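One structure is given here, and the rest of the page talks about it.
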Amino acid sequence: MDPVMKLSQKVALITGASSGIGRCVSLRFASDKCKIVIIGRSADKLNEVKELSKNLGADVLAIQADLTNDDEVRSLFSKTLESFGRIDVVFNNAGIGYVNPIVNLKEEEIHKMIDTNITAMIMVTKYAAEQMKKQENGGHILITSSIAGLIPVPQWSVYCSTKWAITGFAESIRYELAKSKVLVTTIHPGPVKTDFFIRGNISPEKLSIQNNMTNPEDVAEAVYKILFTNKKRVIIPKYFTWVSRLYKFFPNAFDLISKKYVKSNLY
């Protein structure tokens with residue numbers, strides 16, 4: 001395989017492709033002139049990504065879908081296989097978050113995060129795994145978790161719970177799929193400069209993170225680099241690795257730092 005064209009002659013499916021990280025990953029994959037299937041809710045934004053991807057030389061199938069609807073998830077896999085016959089990579093990326101103390105979160109916000117971030121993510125992975133197990137060369141499932149899927153974050157309680165759930169889910173299916181040549185990797189970005197914060201009514205200024213946000217293009221490049229490697233997880237940017245290790249190995253020290261941050265910035 002040409003290391004500069006990892007996706008040459010391959011088929012990649014990307015959810016949450018109409019904006020943010022998903023959009024940037026779609027365009028990065030498209031630059032390999034491969035076959036990509038882009039999934040999103042916004043038809044206008046999806047068509048824009050489709051045209052940009054085609055201009056980069058990719059063969060593109062765009063599917064507008066609500067991933068919380070099981071029938072639509074099954075349908076998008078049927079359409080993908082009907083068009084391209086196989087699936088080599090799935091970037092399972094769609095997600096949403098709302099930030100507030102648990103007592104202030106609305107019921108619909110809680111259900112939406114769980115339905116989108118956990119149930120939809122699992123269903124997409126299920127159908128991807130079923131197909132990849134049938135393929136001689138398996139495939140690679142990449143799942144967007146978050147740094148919040150490795151550490152607790154005040155006011156992000158439900159969002160954290162969804163990302164911790166996905167991290168545990170991915171860890172489990174890595175063992176299930178290992179003999180089938182199906183790779184599983186979780187992606188753990190810190191705050192990223194996308195409209196995620198706008199959709200979730202989150203103020204980066206309130207969280208004092210506006211000067212420490214990663215560009216989505218950098219996340220896309222990190223995702224591309226680990227394609228077809230047996231990397232267990234990728235934390236972006238790398239310095240968050242030390243934050244997760246601090247919580248894992250020195251929880252009391254993490255608590256002291258976290259309480260100071262909460263007191264000064266969140267309330």
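Here, each number is a calculation from the coordinates, and none is a lab measurement. Model, not experiment: these values are computed from the prediction. Positions of Cβ are generated from backbone atoms using ideal geometry, with glycine treated the same way; all protein chains shown enter the neighbour counts.
What the table shows:
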| item | result |
| --- | --- |
| Per-residue Cβ neighbour rank within 10 angstrom, fewest leading, K45, K54 | K54, K45 |
| FRET efficiency, E221 to E108 (Cβ-Cβ, R0 45 Å, nearest 0.05) | 0.80 |
| Relative contact order (percent, whole number), the chain, Cα cutoff 8 Å, 6+ residue spacing | 17 |
| Nearest-ten-degree value, helix 216-225 long axis tilted from longest Cα axis of the chain | 60 |
| Leading residue at positive end of dipole, segment 11-266 (Cβ point charges), from P251, G138, N104 | P251 |
| Potential lengthening between E48 and D71 on full extension [0.36 nm per residue; Cα-Cα distance subtracted] | 5.8 nm |
| Cα-based equivalent ellipsoid of the chain: semi-axis lengths in Å, sorted from largest, via gyration tensor | 31, 20, 18 |
| Rounded FRET efficiency, nearest 0.05, which uses the C-beta distance separating N252 from S8 and R0 of 45 Å | 0.35 |
| Amide H partners (placed H, <5 Å) of T214, local residues excluded | V192, K193 |
| Acute angle (nearest 10 degrees) that the helix 20-30 long axis makes with the longest principal axis of the chain, alpha-carbon atoms | 30 |
| Exceeding the 28 Å Cα-Cα cut-off - candidates K179/K238; K106/K232; K112/K134; K33/K133; K6/K133 | K179/K238; K106/K232; K112/K134 |
| Estimated 222 nm signal from helices in the chain, with DSSP H stretches of n ≥ 4 weighted -39500 (n - 2.57), rounded to 500 | -13500 deg cm²/dmol |
| Nearest-ten-degree value, helix 240-249 long axis tilted from longest Cα axis of the chain | 60 |
| Segment S172-K79, extension gain: residue separation times 0.36 nm, minus the distance between their alpha carbons | 30.7 nm |
| At R0 = 22 Å, FRET efficiency that the Cβ-Cβ distance of K33 and R86 yields, to 0.05 | 0.85 |
| Label-reachable residues, segment 111-139, where backbone N falls under 18 Å from a point 7 Å from S157's Cα toward its Cβ | 111-115 |
